[in-house]
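Take a look at the structure below.
The values are calculated or read from the model by the stated rules, or taken from the named source; none is laboratory data. Only a predicted model underlies this, so the values are computations on that prediction, with no experimental measurement involved. Cβ coordinates were reconstructed from backbone atoms using ideal geometry, including for glycine residues, and neighbour counts include every protein chain displayed. Just so you know, the surface numbers come from the protein's heavy atoms only, side chains and all, with ligands and any DNA or RNA stripped out. Shrake-Rupley method; radii C 1.70, N 1.55, O 1.52, S 1.80 Å.
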Amino acid sequence: MKGLKKFYRKTLQERWDVLQDRKILTNEQIKCLKRTTDATELGNSMIENFIANYSIPEGVSFHYLIDGRDYIVPMVTEEPSVIAASSHGAGLIKKAGGFKTKIKQRLMLGQIILEDFQDFQELREKIDHEQASLLRIANEAHYSLIKRGGGARWIRCRKLADDLMSIDLAVDVQEAMGANMLNTMLEAVADYVRKEFSQTVLMSILSNYATECLAVAECSMPLSNLKKENFTGEEIGHKIVQASRVAQLDPYRAATHNKGIMNGIDAVVLATGNDWRAIESGAHAFAARDGLYRGLSQWTIVGGQLKGRIELPLPVGSVGGSIGILPLVKVNQKILNVKSAEELERIIACVGLGQNLAALYALVSEGIQKGHMRLQTKSLAIAAGAKADEIQQVLSMMSKTKGKNLAAAKAAIKEIRR
Ligand code: NDP
């Protein structure tokens, strides 16, 4: 398309001009893009073909009592009711003593994929024999990690097919997520394997299936705490357990169960400048670890207590990537008051469990729509064109109508403006 060629070489103003000249956007729409940018043009140095800073609302979630410490959790999300649900779930758990977390280790895995090898067993023995040299080569490629107490820890070989194998490298990446660090180390080891072992390397890259970086969050509460309107606590607890079983048995339900969990997790991952695609892919791969895609959390009743547990890979960082670049991330780290990436992992696992409890609690009692639509109606009012001073009136009119939809919101606005 004319004018769009070499778009990346144009200044920001030139890019806007092209979009306007080619009638892709109107003057008003260009103004909308311009309003999002500031003098620093940070985004322009972060990504390619930058035209605007797309913003998503941020809120805070309360009642997170984790391993005896209280946290206020910043969450970035465009979905109404996520933050309210998160605070509700965390509140139920806090009332019974809060969350407990466990983290065994924080290692990132990377892969060097070899093809056309002759004898897997022989090559594996050779690699095992040279493990110390390979780890040294990896460490020399990113030596600063050693100085921080991290570094390459072990290597293993896995046969993937008759002609394909993976050399997995595990690295302690300290406070970073470690993708770039690991990729640098992997390429150095891959070079050695290519030259010294005369092997064909197909590729080398970290794995987002971070099985050596798992976080566990647990909670327990008396069934009586779950009592609601027409339901006893025992009834709700039992239904939550049944819902949890369904998510273990049926991938159709498991996907939605996990989507609800990721509503909370992604919102904190985003707020803290971490790579949510990496967390998403790892979480879903982990959910399918035994061959069937299952819910990431499970609920049981033991001795009159509802017990919840979630386990998932959470390779987040407190430094690196965009974390040190985006000003709001620093502010959010301050709100959270976290001291380390490991502490952040613990919090995020709890947010996943709290979010899940709130969703299941609503689903098995009043249903998800009542609470959801209460908050969703506000979005409908805005989407229908309600101005700030009209929203409350629109909401009140819509509360009296049956159809909570865009048409109803538009009708309410029309009525107000008559
Ligand atoms: P960086 O490349 O930014 O590396 C981490 C940086 O943090 C290094 O510069 C390191 O310094 C510095 N640092 C300071 N203090 C510490 C500390 N205590 N511990 C560890 N590092 C410290 O980030 P990552 O390697 O974490 O890579 C994350 C980025 O990679 C994300 O933006 C992600 O989106 C992207 N990515 C993701 C992929 C995937 O998920 N598949 C693939 C490729 C990239 P020094 O250099 O001195 O060690």
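Residues considered: ALA358, ALA383. Of these, the only one that is small (Gly, Ala, Ser), under 30 Å from GLY273 (Cβ atoms) and open to solvent by 50 Å² or more (accessible area, probe 1.4 Å) is ALA383.
One residue alone among LYS410, LYS378, LYS339 is in contact (Cβ under 8 Å) with a residue 40 or more places away in the chain and open to solvent by 30 Å² or more (accessible area, probe 1.4 Å), and that residue is LYS378. Looking at GLU235, GLU196, GLU175, GLU218, just one residue is open to solvent by 60 Å² or more (accessible area, probe 1.4 Å) and within 30 Å of the chain's Cα centre (by Cα), and that residue is GLU175.
For ALA132, the conditions (1) touching a strand residue (DSSP E or B) at 6+ places or on another chain (Cβ under 9 Å); (2) among the hydrophobic types (A, V, I, L, M, F, W, C); (3) open to solvent by 30 Å² or more (accessible area, probe 1.4 Å) all hold with the exception of (1). If the condition is being within 15 Å of the ligand (Cβ to nearest atom) and either in contact (Cβ under 8 Å) with a residue 60 or more places away in the chain or open to solvent by 10 Å² or more (accessible area, probe 1.4 Å) (or both), then segment 302-324 contributes PRO313, LEU314, PRO315, VAL316, GLY317, SER318, VAL319, GLY320, GLY321, SER322, GLY324.
For segment 15-31, filtered to residues that are part of a helix (DSSP H, G or I) and among the polar types (S, T, N, Q), the residue that is least open to solvent (accessible area, probe 1.4 Å) is GLN20. Among the residues of segment 250-274, those identified as open to solvent by 30 Å² or more (accessible area, probe 1.4 Å) and either without any contact (Cβ under 8 Å) to a residue 40 or more places away in the chain or aromatic (Phe, Trp, Tyr) (or both) are ASP250, TYR252, ALA255, THR256, LYS259.
Listed here are the residues, each with its yes/no results for (1) touching a residue at least 12 places away in the same chain (Cβ under 8 Å); (2) under 30 Å from SER61 (Cβ atoms); (3) not in a helix (DSSP H, G or I).
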{"position": "THR101", "(1), (2), (3)": "yes, yes, yes"}
{"position": "PHE117", "(1), (2), (3)": "yes, no, yes"}
{"position": "LEU123", "(1), (2), (3)": "yes, no, no"}
{"position": "ILE127", "(1), (2), (3)": "yes, no, no"}
{"position": "ALA132", "(1), (2), (3)": "no, no, no"}
{"position": "ASN139", "(1), (2), (3)": "yes, no, no"}
{"position": "VAL171", "(1), (2), (3)": "yes, no, yes"}
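What are the residues in segment 391-409 that are in a helix (DSSP H, G or I) and either at pLDDT 90 or above or β-branched (Val, Ile, Thr) (or both), if any? Passing the criteria: ILE391, VAL394. Among the numbered criteria (1) within 27 Å of the chain's Cα centre (by Cα); (2) within 16 Å of the ligand (Cβ to nearest atom), which single criterion is violated by ALA188? Tallying (1) within 27 Å of the chain's Cα centre (by Cα); (2) within 16 Å of the ligand (Cβ to nearest atom), ALA188 fails exactly one: (1). Restricting attention to segment 32-53 and to residues that are assigned to a helix (DSSP H, G or I) and not small (Gly, Ala, Ser), the residue that is surrounded by the fewest Cβ atoms within 10 Å (Cβ to Cβ) turns out to be ARG35. Being in a strand (DSSP E or B), among the charged types (D, E, K, R) and surrounded by fewer than 21 Cβ atoms within 10 Å (Cβ to Cβ) is a property that does not hold for ARG277. Can you confirm whether TYR192 is among the hydroxyl-bearing types (Ser, Thr, Tyr), modelled with pLDDT of 95 or more, within 16 Å of ILE112 (Cβ to Cβ) and assigned to a loop (DSSP other than H, G, I, E, B)? No, not satisfied. Answer yes or no: is there a residue in segment 345-356 that is within 13 Å of the ligand (Cβ to nearest atom) and not in a strand (DSSP E or B). No, segment 345-356 contains no residue that is within 13 Å of the ligand (Cβ to nearest atom) and not in a strand (DSSP E or B).
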